[in-house]
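The values are calculated or read from the model by the stated rules, or taken from the named source; none is laboratory data. Fair warning: this is a prediction, and the values are worked out from it, not measured in the lab. Cβ coordinates were reconstructed from backbone atoms using ideal geometry, including for glycine residues, and neighbour counts include every protein chain displayed. The area values use the complete protein model at the heavy-atom level, side chains included, leaving out ligands, DNA and RNA. Shrake-Rupley method; radii C 1.70, N 1.55, O 1.52, S 1.80 Å.
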Amino acid sequence: MDENLIIKRLVVGSLSANCYIVGNTDTREGMVIDPGGNPEVILKAITDSKFVIQTIVLTHGHSDHIAALFDIQARTRADVAIHIEDADFLEGRGSFSSMFGISYKTPGTPDRLLHEGDIIEMGSTRFTVVHTPGHTPGSICLLTGNRVFTGDTLFYRGIGTTLMPGSSHRQLIDSIQTRLMVLPDDFRIYPGHGRESTIGAERRSNPFIRNR
Ligand SMILES: [Zn+2]
Ligand SMILES: [Zn+2]
């Protein structure tokens, strides 16, 4: 357990995505995970937190997780990190794009392309990149201590949709089984939508996982 770690969840955008502001109370270094909408809400939370945002990490490239990226990056000047296989979602800069009916300013080329096993450092806190393809080819989970940010891979009693181009249900289930269900029961799950859970609770009660 990292006693210096603070996690604030904001529910943003028309698809109610979770944006997390994560910070180290010791060094005041901070990170934003999935700035999916309502940039003014995210910016206010950053200001209130007094964290200096150094990295913006995207669990994947869907618009409901990046719609506020342009504004948050412009204001914080933080590095943008996304898995290499989802980098194509970030195209151009400053023009408008739309996906899932969400219109947003497109962000530019990412500063950092992530790969399986990469470490993102925030003060004394280290986040490990776990590549969990399925919902998108470049979906990742972020692991720190006994916490895991799961994006749209694993939800409370649910899993991400695989009805989109580039999605694969088989791959998603495989990612969950081989990368997440191998974690201990007490690991806390911070999903891309909906409420928190734990690995143990999902192992027992998630209809897409149990009895397999
Ligand atoms: Zn998604
Ligand atoms: Zn989503």
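Quick notes on this structure:
- Residue check for I209: within 16 Å of ligand 2 (Cβ to nearest atom) and either of a type outside the set (S, T, N, Q) or within 14 Å of L58 (Cβ to Cβ) (or both): no
- Within segment 179-197, the set of residues being open to solvent by less than 40 Å² (accessible area, probe 1.4 Å), away from ligand 1 (no atom under 16 Å from the Cβ) and part of a loop (DSSP other than H, G, I, E, B) comprises M181, L183, F187.
- Listed by position, the strands (runs of 3 or more DSSP E) enclosed by segment 69-178 that each have at least 2 residues that are of a type in the set (V, I, T) and surrounded by 14 or more Cβ atoms within 10 Å (Cβ to Cβ) are 79-83, 125-131, 140-144, 147-151.
- Candidates G166, G145, G134 - the one that is more than 15 Å from ligand 2 (Cβ to nearest atom) and at positive phi: G145
- Considering segment 11-28, and only residues there that are more than 10 Å from T125 (Cβ to Cβ) and either open to solvent by 10 Å² or more (accessible area, probe 1.4 Å) or of a type in the set (F, W, Y) (or both), the residue that is nearest to ligand 2 (Cβ to nearest atom) turns out to be L15.
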